[in-house]
Protein chains: 2
Amino acid sequence: MSNAIRISQNQKLSLKSIDPEASGGLNKEDAKERIQELGNELEELQELLSVSGMNGLLIVFQGRDTAGKEGAIKSVLNFSSVRTCNVAAFKVPTPLELSHDFLWRIHHNAPAKGSISIFNRSHYEDVLVVRVHEFVPKDIWGKRYDHINAWEKLLTDSGTIILKFMLHISFEEQEQQLLDREKEVEKAWKLNVQDWREREYWDKYTEAYEDALTMCSPESAPWFVIPANKKSARDVAILETIVETLRPYKKSWLQRLEAIGAKAKEELRVFREEK
Amino acid sequence: MSNAIRISQNQKLSLKSIDPEASGGLNKEDAKERIQELGNELEELQELLSVSGMNGLLIVFQGRDTAGKEGAIKSVLNFSSVRTCNVAAFKVPTPLELSHDFLWRIHHNAPAKGSISIFNRSHYEDVLVVRVHEFVPKDIWGKRYDHINAWEKLLTDSGTIILKFMLHISFEEQEQQLLDREKEVEKAWKLNVQDWREREYWDKYTEAYEDALTMCSPESAPWFVIPANKKSARDVAILETIVETLRPYKKSWLQRLEAIGAKAKEELRVFREEK
């Protein structure tokens, strides 16, 4: 059974009640094996998605500092094809980006049919950090949940599969991660006082996440909370969710490929006959 | 000694005289070990490039069908950070792209300082396939070598490090690869009669490559011919070239990081004192 917790639209959600330590009953060795197994299936499914060209896949990663977004993305990329997969990292918006609506820079990075986009942070920052620090007033960020739902609907109606992962770590785990960084003498450039300042807003972020997750989890584009204190359990839960989501599409992708293959073979036959 | 052959501007070049089977004297086991060794160094250098933010890196991959561009790119990505590295695959230009100059779509994908762009095919297609099939007349493609040199100079003058790899396979190896594909019954969708048609232009491509490589190999943005019949030798030569190119920058990157680290530590100290 998967360790990922699927959120339903408008459900009651308390992140505090979800254990960031949860391992889904797998020890590290078992998890490693499971990751390889899932990865192999993911590799196959991604290739089918790519060459059949019927669907795109958008995977959103959100989480607090040190939650492991990069590590989680790497665990997906390990089983991804260069040709297919693009990672977009959304940082502090530029003046040009800020002079547009908040989805402008995001839309540009949506996956085409046959390709995969992974978002390291996303449009959800505009109802998370922006809300917590009141970069814009509530009557602006408050409307964004509907904007997000409408935009994601546009994508799913055009054949894009959407998965959203919130990497869930504990307050204590984050502190440990930050302190560990300070011990790495040669990595002093990694230190950022901002990471410590943000911790003071922990509860405000929790509220903002709870609202975003429950207000933007339609059937077609759900959020999953991933317990993320334990890295291997985190990766199993993510890979499992992706694979289980893609599996039902496999049959139609194979049918399309059979048709493409038959056509290619016929063209090759005619070409050789003509020679 | 590296198996990569560095091209000098306007040198005489005969691709036929370069053995695509060359292995640089390494057997498969040795090559595997060497790849891991180089990969570890590459990983470290890429992180320094990224966080010091002083230089960008552009790596161009060109080669005929089945030359192994994707595999070679994967071998670099295996040691690359998600955060830093972006792959751009240039396919047949869209009508919008065609309505611009040929460097328009390329420029957009050039690496920022602190990041890496890998090109799967590139602006060189505009003096390769475009020249071989005369998609535009000679007085247009003939001017492009100068345009390319000027544009690449713009990049290197702005701190971008440029490396260009031509994956060199033999006519026989390509045939074998294409025939092998036909044996994979379930991969019939991979077949493309176009691959066989292009083989008829083999010698024309050879000429076009020889001109592109010798006319666009200034000191600051050289081409490397990589014998590519043997995959592990190919990957060793590529990784070796990248690592040897980046190594001389290491000292200045470390100096920059030391300064950043000292500043971060001081900010953290002040923050804690204030509490």
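Remarks
- Restricting segment B:229-244 to residues that are of a type in the set (D, E, K, R) and out of contact with any strand residue (DSSP E or B) (no Cβ under 7 Å at 6 or more places or on another chain), the residue that is most open to solvent (accessible area, probe 1.4 Å) is B:231.
- If you go through segment A:162-186 and keep only what is within 30 Å of residue A:219 (Cβ to Cβ) and hydrophobic (A, V, I, L, M, F, W, C), you end up with A:162, A:163, A:165, A:166, A:167, A:169.
- On inspection, residue B:55 qualifies as over 29 Å from residue A:47 (Cα atoms), open to solvent by less than 30 Å² (accessible area, probe 1.4 Å) and either without any contact (Cβ under 8 Å) to a residue 24 or more places away in the chain or in contact with a Phe, Trp or Tyr (Cβ under 8 Å, 6 or more places away or on another chain) (or both).
- Residue that is nearest to the other protein chains (Cβ to nearest Cβ), among those in segment A:70-99 that are open to solvent by less than 70 Å² (accessible area, probe 1.4 Å) and under 22 Å from residue A:145 (Cβ atoms): A:88
- Residue A:223, sole failed condition from (1) touching a residue at least 40 places away in the same chain (Cβ under 8 Å); (2) open to solvent by 40 Å² or more (accessible area, probe 1.4 Å): (2)
- Complete set of residues in segment B:245-259 that are open to solvent by less than 60 Å² (accessible area, probe 1.4 Å) and touching a helix residue (DSSP H, G or I) at 6+ places or on another chain (Cβ under 7 Å): B:246, B:253, B:257
- Residue that is nearest to the chain's Cα centre (by Cα) [pool: residues in segment B:193-217 that are surrounded by fewer than 16 Cβ atoms within 10 Å (Cβ to Cβ) and either assigned to a loop (DSSP other than H, G, I, E, B) or free of Cβ contacts under 8 Å to residues at least 12 places away in the same chain (or both)]: B:207
- Odd one out for residue A:168 among (1) in contact (Cβ under 8 Å) with a residue 60 or more places away in the chain; (2) under 20 Å from the mean Cα position of the chain (by Cα); (3) open to solvent by 40 Å² or more (accessible area, probe 1.4 Å): (3)
- Residue selected from segment A:114-127 under the condition out of contact with any Lys or Arg (no Cβ under 7 Å at 6 or more places or on another chain) and within 14 Å of chain B (Cβ to nearest Cβ), by the criterion most open to solvent (accessible area, probe 1.4 Å): A:121
- Inside segment B:128-146, residues that are surrounded by fewer than 17 Cβ atoms within 10 Å (Cβ to Cβ) and either part of a loop (DSSP other than H, G, I, E, B) or touching a His at 6+ places or on another chain (Cβ under 9 Å) (or both) make up a count of 7.
Per-residue answers, yes or no, for (1) over 17 Å from the mean Cα position of the chain (by Cα); (2) at pLDDT 95 or above:
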{"position": "B:9", "(1), (2)": "yes, yes"}
{"position": "B:15", "(1), (2)": "yes, yes"}
{"position": "B:18", "(1), (2)": "yes, yes"}
{"position": "B:22", "(1), (2)": "yes, no"}
{"position": "B:33", "(1), (2)": "yes, yes"}
{"position": "B:42", "(1), (2)": "no, yes"}
{"position": "B:62", "(1), (2)": "no, yes"}
{"position": "B:70", "(1), (2)": "no, no"}
{"position": "B:75", "(1), (2)": "no, no"}
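- Residue check for residue A:18: open to solvent by 30 Å² or more (accessible area, probe 1.4 Å) and aliphatic (A, V, I, L, M): no
- Filtered by the rule that a residue be open to solvent by less than 50 Å² (accessible area, probe 1.4 Å) and more than 14 Å from residue B:246 (Cα to Cα), segment B:31-52 gives B:31, B:35, B:51.
- Flag if residue A:105 is surrounded by fewer than 18 Cβ atoms within 10 Å (Cβ to Cβ) and part of a helix (DSSP H, G or I): yes
- Among the residues of segment A:147-165, the ones that are open to solvent by 40 Å² or more (accessible area, probe 1.4 Å) and assigned to a helix (DSSP H, G or I) come to 5 in all.
- Only one entry of A:207, A:200 meets the criterion of being within 14 Å of chain B (Cβ to nearest Cβ) and more than 14 Å from residue A:66 (Cα to Cα), and that entry is A:200.
The rows are residues; the columns are (1) touching a Lys or Arg at 6+ places or on another chain (Cβ under 6 Å); (2) farther than 24 Å from residue A:225 by Cβ.
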{"residue": "A:25", "(1), (2)": "no, no"}
{"residue": "A:32", "(1), (2)": "no, no"}
{"residue": "A:41", "(1), (2)": "no, no"}
{"residue": "A:44", "(1), (2)": "no, yes"}
{"residue": "A:90", "(1), (2)": "yes, no"}
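The values are calculated or read from the model by the stated rules, or taken from the named source; none is laboratory data. Source: prediction; values computed, not measured. Note that we place each Cβ from the backbone using ideal geometry, even for glycine, and neighbour counts take in every protein chain shown. Please note that ligands, DNA and RNA were not included when accessible areas were found on the heavy atoms of the full protein model with its side chains. Shrake-Rupley method; radii C 1.70, N 1.55, O 1.52, S 1.80 Å.
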